[in-house]
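The values are calculated or read from the model by the stated rules, or taken from the named source; none is laboratory data. Since we're looking at a predicted model, the values are computed, not measured. Here the Cβ is made from the backbone with ideal geometry for all residues, glycine too, and neighbour counts use every protein chain on show.
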Amino acid sequence: MNAIAVFFLAAVAVGGIVWVFVYPILSGERKAEKRMESVAKVGPVARTPRAATRSRRDTIESTLKEFEERHKKQKSPPLSVRIAQAGLSWSKQQFMLVSAGCGIVCVVLGVFVGAGLPASIGLGFAGAFGIPRWLLSFLKKRREARFLNAFPDAVDIIVRGVKAGLPLLDCMKMITIEAPEPIKTEFRAIVETQAVGMPLGEACGKLYERTPVPEANFFAIVIAIQQKAGGNLSEALGNLSRVLRDRKKMKAKIQAMSQEAKASAAIIGALPVAVMTIVYITSPHYIALLFTEPLGNVMLAASAVWMSMGVLVMKKMINFDF
């Protein structure tokens with residue numbers, strides 16, 4: 001059991017290193033990011049005889065550049081920001097204490113089941129640095145999904161309020177009363193931030209820091225440009241609302257079309273484990289060599305590594321970004 005645990009932890013560690021440093025190069029994610037950055041760059045503004053048009057374009061260009069530089073610095077947010085993005089009100093000290101508690105519990109469980117001291121320490125390391133961060137990622141994705149589900153309705157409320165003659169800030173206050181979570185909390189933060197003296201465009205820009213989804217970025221850019229350059233806000237937000245709903249429909253369509261592939265991937269990934277479990281129950285002596293012989297341990301560890309790589313590749317193939 002000690003050898004199996006050591007092989008498994010070593011395989012997980014090597015797979016994690018390969019996934020972090022090598023996979024972005026092989027999958028083309030870095031090339032895609034560079035291409036998106038090159039496309040997102042705003043080119044030089046063409047000269048026009050009208051000074052008003054030139055001033056408006058210069059304002060839009062400077063605003064987009066400010067957002068681009070700000071978002072480049074947010075690729076690796078600090079721990080406090082990630083905790084806020086997950087919707088938790090913990091401090092960094094509380095998160096560290098929870099992580100240490102998970103690590104201690106995993107070490108005690110490893111010693112209790114007789115896995116040995118090295119395997120227990122490895123299990124405690126995984127529990128201290130893996131489980132809490134996985135939980136933050138899970139809560140962050142769930143919160144973003146709830147935000148995207150209700151965000152188009154919130155933008156429609158602003159559009160109808162502006163068309164009726166209400167100020168933009170009053171429309172946002174209506175959202176803080178009627179909208180579901182986390183829309184209510186996010187727009188309340190915008191209203192409170194603007195109340196202490198921050199311009200509304202910058203206050204809306206903070207929305208993307210707390211909820212890092214493209215839809216929040218679109219909204220912040222529209223509000224910031226309108227505050228600096230003027231224009232028909234109801235028309236701009238109406239177009240944004242249609243874009244948000246089209247993106248929502250596209251996401252639902254992609255999920256519906258990829259369900260068959262996800263089910264197939266789940267069956268293929270679970271089949272070796274299920275077969276091994278059935279064989280162990282029906283004929284334990286037949287499969288015991290994998291656990292008792294050194295060569296069997298190596299084969300088991302190698303099989304776990306290759307199965308993990310296959311599952312990760314299938315997951316990457318059936319997860320679409322748009």
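Tell me, which residue of the stretch 102-161 that is among the β-branched types (Val, Ile, Thr) and within 25 Å of Ser80 (Cβ to Cβ) is surrounded by the fewest Cβ atoms within 10 Å (Cβ to Cβ)?
So, considering only residues that are among the β-branched types (Val, Ile, Thr) and within 25 Å of Ser80 (Cβ to Cβ), the one surrounded by the fewest Cβ atoms within 10 Å (Cβ to Cβ) is Ile104.
If a residue counts only when it is surrounded by 12 or more Cβ atoms within 10 Å (Cβ to Cβ), which helices (runs of 4 or more DSSP H) contained entirely in the stretch 211-288 have at least 3 such residues?
214-229, 233-257, 259-282
What number of residues in the stretch 120-170 are farther than 15 Å from Lys184 by Cα and part of a helix (DSSP H, G or I)?
Residues in the stretch 120-170 being farther than 15 Å from Lys184 by Cα and part of a helix (DSSP H, G or I): 28 in total.
Give the residue, chosen from Ala236, Ala274, Ala189, Ala195, that is modelled with pLDDT of 85 or more, farther than 25 Å from Met307 by Cβ and small (Gly, Ala, Ser).
Being modelled with pLDDT of 85 or more, farther than 25 Å from Met307 by Cβ and small (Gly, Ala, Ser) holds for just one of Ala236, Ala274, Ala189, Ala195, which is Ala189.
I need the full set of residues from the stretch 190-215 which are out of contact with any Lys or Arg (no Cβ under 8 Å at 6 or more places or on another chain), touching a residue at least 40 places away in the same chain (Cβ under 8 Å) and of a type outside the set (Asp, Glu), in order please.
Once the filter is applied, which keeps residues that are out of contact with any Lys or Arg (no Cβ under 8 Å at 6 or more places or on another chain), touching a residue at least 40 places away in the same chain (Cβ under 8 Å) and of a type outside the set (Asp, Glu), the stretch 190-215 yields Tyr208, Arg210, Pro212, Val213.
State yes or no: is Leu300 crowded, with 16+ Cβ neighbours inside 10 Å, over 30 Å from the mean Cα position of the chain (by Cα) and in contact (Cβ under 8 Å) with a residue 60 or more places away in the chain?
yes
Could you list, ordered by first residue, the pairs with Cβ atoms under 6 Å in which the first is in the stretch 116-131 and under 20 Å from Gln94 (Cβ atoms) and the second is surrounded by fewer than 21 Cβ atoms within 10 Å (Cβ to Cβ) and hydroxyl-bearing (Ser, Thr, Tyr), at least 6 apart or interchain?
Ala128/Ser99
So which residues in the stretch 134-159 are touching a residue at least 12 places away in the same chain (Cβ under 8 Å), under 23 Å from Leu88 (Cα atoms) and charged (D, E, K, R), if there are any at all?
Answer for the stretch 134-159, where residues must be touching a residue at least 12 places away in the same chain (Cβ under 8 Å), under 23 Å from Leu88 (Cα atoms) and charged (D, E, K, R): Lys140, Arg143, Glu144, Arg146.
Which residue out of Lys141, Lys163, Lys92 is more than 18 Å from Ala220 (Cα to Cα), modelled with pLDDT under 85 and of a type in the set (Lys, Arg)?
So the residue among Lys141, Lys163, Lys92 that is more than 18 Å from Ala220 (Cα to Cα), modelled with pLDDT under 85 and of a type in the set (Lys, Arg) is Lys92.
Using beta carbons and a limit of 7 Å, which pairs, at least six apart or on different chains, have the first residue in the stretch 243-268 and within 30 Å of Ile221 (Cα to Cα) and the second one among the small types (Gly, Ala, Ser) and at pLDDT 85 or above?
Correct list of pairs: empty, since none qualify.
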